[in-house]
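What follows is a single structure, written as C-alpha cells, with notes after it.
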Amino acid sequence: MIDAGADIQMPPAPAKTKNTENPMGSWPTIEQFLMDKYPESYRGFSMGMEQAQPLIDGRGAMGDPVPDEDPYETGPEAFSAYGYDPKEVAAGMLLLHNRSHGHRNDMEEADLNRLTDIVQKRHQMQQRKLLNANRIR
C-alpha cells in the first residue's frame, strides 16, 4: 500500500546544454556534444562541411591539401588512449549533420565512404602493429 502522505522524490530535470537555440543537427550543437562526450574530437568549429570535413579528409573542396594544425587523431593508439577514434567520431557526426539537412542527400555515399575508409585504415594500422610486435619476439 502506498502512503498518500509520503513525499515523492522527483528525479532532477536534465541539464540544459549551452546550445539550446540551434537544432540538433547543427554543427555548433554537434561541437557542444563532442566537447561534452568526445573531447578529443572537439575543435570548436561553427561549420561541419566547410571546416570539419576538410580536416577529416585532409583536403579542401577543390582537392587542395589542408594544413594539419590540429588533425583528428586516428588509429589503434588513439582508440587505446581515449576509448574511441576521434577522427571516426567526427566523421560519424558529419554524416549525421549532413543527414539532418535535406538538401544534402547527395552527400550520404561520400559520408559513408569516409567512415568506411577510416575504419579500414585503423584496422590496417592495427594489423601492421600486431605483425611488427610478433616479428620482434
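Things worth noting here:
- Look at (1) over 15 Å from residue 114 (Cα atoms); (2) surrounded by fewer than 17 Cβ atoms within 10 Å (Cβ to Cβ); (3) aliphatic (A, V, I, L, M); (4) modelled with pLDDT of 85 or more and you find that residue 66 fails only one, number (4).
- Residues in region 72-81 that are surrounded by 14 or more Cβ atoms within 10 Å (Cβ to Cβ) and farther than 14 Å from residue 123 by Cα: 72, 73.
- Every test in (1) more than 22 Å from residue 38 (Cβ to Cβ); (2) at pLDDT 85 or above is passed by residue 81 save one, and that test is (1).
- Flag if residue 58 is surrounded by 15 or more Cβ atoms within 10 Å (Cβ to Cβ) and either under 12 Å from the mean Cα position of the chain (by Cα) or within 30 Å of residue 132 (Cβ to Cβ) (or both): no
A quick yes/no check of all residues on (1) farther than 25 Å from residue 131 by Cβ; (2) hydroxyl-bearing (Ser, Thr, Tyr):
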residue: 48; (1), (2): yes, no
residue: 52; (1), (2): yes, no
residue: 64; (1), (2): yes, no
residue: 79; (1), (2): no, no
residue: 82; (1), (2): no, yes
residue: 86; (1), (2): no, no
residue: 91; (1), (2): yes, no
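- Conditions (1) under 22 Å from residue 119 (Cα atoms); (2) outside any helix (DSSP H, G or I): number failed by residue 25: (1)
- Pair list, Cβ under 8 Å, 6 or more apart: region 107-134 residue on the phi < 0 side of the Ramachandran plot, other residue part of a helix (DSSP H, G or I) and of a type in the set (Gly, Ala, Ser): 111/91; 114/91; 115/91; 115/92; 118/91
The values are calculated or read from the model by the stated rules, or taken from the named source; none is laboratory data. Since we're looking at a predicted model, the values are computed, not measured. In this analysis, Cβ positions are derived from the backbone assuming ideal geometry, glycine residues included, and neighbour counts consider all displayed protein chains.
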